[in-house]
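Asker: Please find one structure pasted underneath; my questions will follow.
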């Protein structure tokens, strides 16, 4: 770093060279190695433990709140989303709204790239249930798009998982909404 | 963040290294998924990808861990492991990522060739980030280049870039491949090419190859112009990076001309830098230097005046007030020079006071106030303000933006920290502090969650107690013991009858009725005179009785079997009943599933408390380190400003003396060419 031992004129003469040279920044980086490494390692170990704890809590929560015999989950995927800019989704089970979601651009992009959202997790007793999803967004030609799909779910004593699959239909260049069951 | 690093470390080898590393960070981890999209064959993996693509590394890692604990991910081969490694890199878990990639490369591991190939690439990248250049080169050289190029072109380009960076840092490829060859292998539209090319130019400059550097920078400038002009579809972050690099190239060209005494050339390059860009301050200052050296003091003053009207971002820009006075003096405008020196002295005085005060009152809260954190939803290039009441980097919320390696996207609110903020050490400390706050906040949330689990389990236990009481009452109402006694009596009676071969005991209901009627008849006959009048009846009775006894003997086996069958059925029913009662009693005595869940909750609570203690300790260490860095920086700046203050006061006094002597007819001494008389 220049100091005012130099005048502006002196600075002029040496400026171009001085600014190309390694300065305190480079030294800082070098000196910080040991301490930073120790702190970083400690933080990394903590992160590892926290992830494990979060995993355990996640599983515990599911066991506690959604036992396998009654568990019912709904996922949502978007493939590939060229014909639909996803805005919102609403999910009804037996005519009761159980989930609704408004998508940020980042979430919609994550879905487009192959991600799958867990839209809902809950409990259902055995028997027949009607699952309906309402999808809204901007479709081809910038037109508002709205579509619903329904699925009759026969719930037994195993975990039930459905996927709301939004696909591009190349035959008529329209999006298509379907509900499929994961075995 | 990169703009600020560029601003401070422009053109230095340190800056070069940072640029390279940061460029890698910007694009690195996401490359794992670049070959996607593909439909997830397992919802657990799909959900992890959903978090991953949103940049939520922690959530994505948790999902992958959950999937792993619940039996793994189906249908995606080893790809999830690569994703997990990329996520670990994103989450600053470099060592863990390295271990995972090494595990994938284990000879005994059944890993697909493509995955193994990418694992070599990522392991090389881990070594590169850890600055183990030889190991990085060796790992990168294990990559099957053709396979990588076929499977993932983006990774292949990054591979070329990393090898180029290593070669520039003095770790050349063992096959003698030059940086020029690596640059040529990159497509002209690739940002990696631009970065590598620029870094090569800076390296050459350090070696004194100024002619080659001029040509390099010139061609790079043309390339970037073309790239930005012809590819308007570039994603905003990348487009911003390329624009910033172009500005930086122009700044470097200007400085190169300056160092060679080509002031007109320097001005021509610097003039092309936009006035509101990230390098405009440096460009203006360099322009003032060039114009001054060219003898065009007016132009130099104009540039300095423009700078003077802006916040004086960095410590080195604090030269501007003094430089203005000096320029006025050079131009022979001594009154204005004196005024400028006095204003500069006043500025340095107040700055010095402020820095001292900041140093004295330095706390974490004040430090946070001095920073502006990038947040989700900010427009590109903008950063959001932070609620001062929070006094810390919004722990636990994903809204504070971080780069691909967890570094917080932040700009200085208080520009005295700009220089410090640009250093890697400060950035890493800030990242650690931010991460630790997030961890602390997460732990706090989980604490609440576990408490709610506790309440749920306690409620369930109460409900269970209630049900147990009801069940006990119901069992009592059944008079169980009485039923058991009667069963025993029945069994005993049957066994006795069997032993005695008591035909009558096993009679059917009908036979009992017949026997009763026969007994009645016999009794009636016994009351009648035994003569001719009753003889016929007595003979009939004897025949009937004989027939009855014969039937009884004949039916004995059937009747006995029927009784034994009933006994067996009763035994079976009673056994079921007894078993169920035992089960209920056992269930009532034990805690059941509830107790197992409560044990799990208690175990997690203990783990959580232990982690909270460790996080608090780490937080304290990170906080101390950060504040020490700021304190040192402020001290250094304070010393520099005091130097400026002394020099400015000295110059003002000298000039005042000169003017006074001039008014009194004494000889006026010329302004100094160089400051050998200062300090």
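Asker: What number goes with the only condition from (1) within 13 Å of another protein chain (Cβ to nearest Cβ); (2) closer than 19 Å to residue B:347 by Cβ that residue B:292 does not pass?
Answerer: (2)
Table: residues versus (1) in contact with a helix residue (DSSP H, G or I) (Cβ under 8 Å, 6 or more places away or on another chain); (2) within 28 Å of residue B:59 (Cβ to Cβ); (3) more than 14 Å from chain B (Cβ to nearest Cβ).
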| residue | (1), (2), (3) |
| --- | --- |
| A:93 | no, yes, yes |
| A:98 | no, yes, yes |
| A:104 | no, yes, no |
| A:129 | no, no, yes |
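Asker: I'd like to check something: does the stretch B:162-179 contain any residue that is assigned to a helix (DSSP H, G or I), touching a residue at least 40 places away in the same chain (Cβ under 8 Å) and buried (at least 22 other Cβ atoms within 10 Å of the Cβ)?
Answerer: yes
Asker: Suppose we filter the stretch A:96-119 for residues that are assigned to a helix (DSSP H, G or I) and touching a strand residue (DSSP E or B) at 6+ places or on another chain (Cβ under 7 Å); how many remain?
Answerer: Matching residues across the stretch A:96-119 total 3.
Asker: Just to be sure, is residue B:433 closer than 21 Å to residue B:604 by Cβ and either buried (at least 17 other Cβ atoms within 10 Å of the Cβ) or modelled with pLDDT under 85 (or both)?
Answerer: Here the answer is no, as residue B:433 does not meet what is asked.
Asker: Please tell me if residue B:601 is facing another protein chain (nearest Cβ under 10 Å) and closer than 30 Å to residue B:450 by Cβ.
Answerer: yes
Asker: Determine, yes or no, whether residue A:35 is within 12 Å of another protein chain (Cβ to nearest Cβ) and at pLDDT below 90.
Answerer: yes
Asker: Have a look at A:83, A:134, A:75 and point out the one that is facing chain B (nearest Cβ under 10 Å), under 22 Å from the mean Cα position of the chain (by Cα) and surrounded by 14 or more Cβ atoms within 10 Å (Cβ to Cβ).
Answerer: Just a single option satisfies the conditions, and that option is A:75.
Asker: Considering only the stretch A:53-68, how many residues are within 11 Å of residue B:604 (Cα to Cα) and either more than 7 Å from chain B (Cβ to nearest Cβ) or outside any helix (DSSP H, G or I) (or both)?
Answerer: The total comes to 0.
Asker: Only one residue in B:418, B:458, B:365, B:389 is assigned to a helix (DSSP H, G or I), at pLDDT 85 or above and farther than 25 Å from residue B:59 by Cα. Which one?
Answerer: After applying the criteria, what remains is B:458.
Asker: Within the group B:498, B:503, B:443, B:450, which residue is over 35 Å from the mean Cα position of the chain (by Cα), surrounded by 14 or more Cβ atoms within 10 Å (Cβ to Cβ) and modelled with pLDDT of 85 or more?
Answerer: B:498
Asker: Could you tell me whether any residue of the stretch A:158-175 is within 29 Å of residue A:69 (Cα to Cα), in a strand (DSSP E or B) and more than 14 Å from chain B (Cβ to nearest Cβ)?
Answerer: Scanning the stretch A:158-175 turns up no residue that is within 29 Å of residue A:69 (Cα to Cα), in a strand (DSSP E or B) and more than 14 Å from chain B (Cβ to nearest Cβ).
Asker: While we're here: Determine if the stretch B:464-482 includes at least one residue that is within 22 Å of residue B:568 (Cβ to Cβ) and in contact (Cβ under 8 Å) with a residue 12 or more places away in the chain.
Answerer: Looking through the stretch B:464-482, at least one residue is within 22 Å of residue B:568 (Cβ to Cβ) and in contact (Cβ under 8 Å) with a residue 12 or more places away in the chain.
Asker: For residue B:630, all conditions in the list (1) within 11 Å of chain A (Cβ to nearest Cβ); (2) within 29 Å of the chain's Cα centre (by Cα); (3) within 28 Å of residue B:421 (Cβ to Cβ) hold save one; what is the number of the exception?
Answerer: With respect to (1) within 11 Å of chain A (Cβ to nearest Cβ); (2) within 29 Å of the chain's Cα centre (by Cα); (3) within 28 Å of residue B:421 (Cβ to Cβ), residue B:630 is out only on (1).
The values are calculated or read from the model by the stated rules, or taken from the named source; none is laboratory data. If you're wondering where the values come from, they're calculated on a predicted model, not measured in any experiment. Every residue, glycine among them, receives a Cβ derived from its backbone with ideal geometry; neighbour counts consider all protein chains shown.
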